[in-house]
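Heads up: the structure comes next, in structure tokens.
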Amino acid sequence: MIKLTIDNHTIEVPTGTSVWKAAQSVGIEIPTMCYLEETGHFTSCMVCLVKDAHTGRLFASCSVPVSEGQNIITNDAETTESRKAALELLLSEHVGDCEAPCQLVCPAHMNIPLMNRLIAKGDFGKALEVVKRDIALPSILGRICPAPCEAGCRRKQVDEAVSICHLKMFVGDEDLKSDKPYLPKLAPLSGKKVAVIGAGPAGLAAAYYLQQKGHQSVIFDKNSQAGGELRLIGEDILPGSVIDQEVARIVATGVELRLDETIDAVRFSALQDEFDAVVVATGTLTDENPDFGLKTIKTGFVADKTSYLTSSPKVFAAGNSLRASKLAVRSVGQGKEVATVIGNYFKTSEVKGYPERFNSKFGRLAESEFIQYKKDSEDAPRQKSDAAGFSKEAAMIEAKRCMHCDCRNPESCVLRELSDRYQAIQKRFQGEERFNVERFIHREGIVYESNKCIKCGICVRLTREHQEEFGFTFIGRGFDVKIGVPFNESVQRGLKKTVAIVAKACPTGALAMFNAEENL
């Protein structure tokens, strides 16, 4: 047995144990990307660096065995900075988007590519579920949104943007026609109550997502109908019946709607005592909308940009009450975000900003890359739609035009998770020119994007272990080395036995199952 110290923990482990494994045995987590226990170490990613306290030397903990009397430091400023630098070196050659450009510019941050994939398959119910994770009012917004997402669509570089808003409207309208409307999963009631002042887009969205989290939401509005300024748009563009139906979907989750109830300063003060949190979503500040004694500026209520907390504890503001905007989708997005902030506040008793994740992005496509992205889309013209929206057939054709610029492995990508944790800067070591995007797509199997590969060798070791006829190997030398199938064979032929195994083990989005994320 070997005796050593790791972060002031003195332990004994068998001879030959790696420092990484020894740390793990006492609950000390050291990140790694190239290590997979059943295939051994490879020592390529260098994000598992630790420090020898005696010598000050940094080394890879996954490959160095323990030695008698070692004193290891895993979490000081130097090891943290070294891991960050290792991640930034990996990111310097990583050509891929964690989230598609359309999703990034959508104020509600909706997963547009996944919606499109589900519509293309004819799974309209699942597509609606994806939409409603981020947008509480899809039929409304599909009719009135100016579609900033379509401005970000890369398909525009090829011909015309995908008709994202009308596809969103389509799945929303399919639900409105249904005898069995979609009802999201609702957490058990927490005992917490939230007052939402204003039944416009921001207030409706905030209440919808708070209710899903198990927090009883009560909307107060001075008008006799919910919808706020949505009611002023006009029947020819946004029928009142659509507003009524979408509001009914929100009320069906358990949200309480109290109309014809004006909240003045006295009642507002009482609400702060009666409820665990208050959301102000009264719309643009006017003489008719009181400031409730909260701090304001010319544009609206003063609130933290990431947490939406106002000058009063437990009181949050969202939507046009912060700043006048014609983008109802922005108000809906803020309603979702403030619900998340309040939900986290109820768990921790601390108000923190809406969590944002690291996003790899590489910009515009080169013309030579169009063919790589068109591999995953149909070469069809943009479909036309009228006031009634798309037919099912037209919606499926239009959805198939999506080039799926997002990552197929966004939730379990270790590179993304660690880059987020260590606040890595993607451009720190990037050169002026990037590698070209390459994609292999097997619709019944795997998506392989070599430009996202970090050359960790896990797939090489796994295909060798499982005795694939061809498998994966390292091709080339030095800086030009790539992972690929030998003898110019296809990826499909190289991964006959191990397609699901290597996709699960890949620490990035380089290898992912074609339909894996649709089960999320």
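The values are calculated or read from the model by the stated rules, or taken from the named source; none is laboratory data. It should be emphasised that the depicted structure is a prediction, and the values quoted were computed from it without experimental measurement. Cβ: placed from backbone, ideal geometry, glycine included. Neighbour counts: every protein chain shown.
Observations
- Residues being in a loop (DSSP other than H, G, I, E, B), closer than 30 Å to Met33 by Cβ and out of contact with any Phe, Trp or Tyr (no Cβ under 9 Å at 6 or more places or on another chain) - total across the range 377-414: 8
- Identity of the residue in the range 245-300, of a type in the set (Ser, Thr, Tyr) and under 23 Å from Arg231 (Cβ atoms), that ends up farthest from the chain's Cα centre (by Cα): Thr262
This table checks each residue for (1) touching a Cys at 6+ places or on another chain (Cβ under 7 Å); (2) surrounded by fewer than 21 Cβ atoms within 10 Å (Cβ to Cβ); (3) at pLDDT 95 or above; (4) part of a strand (DSSP E or B).
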residue	(1), (2), (3), (4)
Met115	no, no, yes, no
Ala187	no, yes, yes, no
Val194	no, no, yes, yes
Gly203	no, no, yes, no
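- Scanning the range 1-50 for residues being part of a strand (DSSP E or B) and more than 34 Å from the chain's Cα centre (by Cα) gives a total of 11.
- Reported count of residues in the range 415-439, each being buried (at least 19 other Cβ atoms within 10 Å of the Cβ) and outside any loop (DSSP other than H, G, I, E, B), is 4.
- Among the residues of the range 47-78, those identified as of a type outside the set (A, V, I, L, M, F, W, C) and in contact with a Leu (Cβ under 6 Å, 6 or more places away or on another chain) are Lys51, Gln70.
- Taken over the range 287-316, the criterion of being in a loop (DSSP other than H, G, I, E, B) and hydrophobic (A, V, I, L, M, F, W, C) is satisfied by Phe292, Leu294, Val302, Ala303.
- Residues (of a type outside the set (Ser, Thr, Tyr) and either in contact (Cβ under 8 Å) with a residue 12 or more places away in the chain or within 16 Å of Gly283 (Cβ to Cβ) (or both)) located in the range 221-235: Asp221, Lys222, Asn223, Gln225, Ala226, Gly227, Gly228, Glu229, Leu230, Arg231, Leu232, Ile233
- Qualifying residue in the range 350-365 (condition: farther than 29 Å from Ile425 by Cβ and touching a residue at least 24 places away in the same chain (Cβ under 8 Å)): no
- Scanning the range 143-168 for residues that are surrounded by 24 or more Cβ atoms within 10 Å (Cβ to Cβ), of a type in the set (A, V, I, L, M, F, W, C) and more than 13 Å from Gln383 (Cβ to Cβ) turns up Cys145, Cys149, Cys153.
- Matching entry among Ala86, Ala108, Ala127, Ala136 (being modelled with pLDDT of 95 or more, farther than 30 Å from Glu246 by Cα and among the small types (Gly, Ala, Ser)): Ala86
- Test for Ser412: is it over 28 Å from Met513 (Cα atoms) and either at pLDDT 95 or above or out of contact with any His (no Cβ under 8 Å at 6 or more places or on another chain) (or both): no
Okay, residues lined up against (1) over 29 Å from Ser321 (Cα atoms); (2) not hydrophobic (A, V, I, L, M, F, W, C):
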site: Val131; (1), (2): no, no
site: Asp159; (1), (2): yes, yes
site: Asp221; (1), (2): no, yes
site: Glu229; (1), (2): no, yes
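- Any hit, the range 327-338, residues being at pLDDT below 95 and part of a loop (DSSP other than H, G, I, E, B): yes
- Restricting attention to the range 85-113 and to residues that are among the small types (Gly, Ala, Ser) and touching a Cys at 6+ places or on another chain (Cβ under 7 Å), the residue that is farthest from Leu418 (Cα to Cα) turns out to be Ala100.
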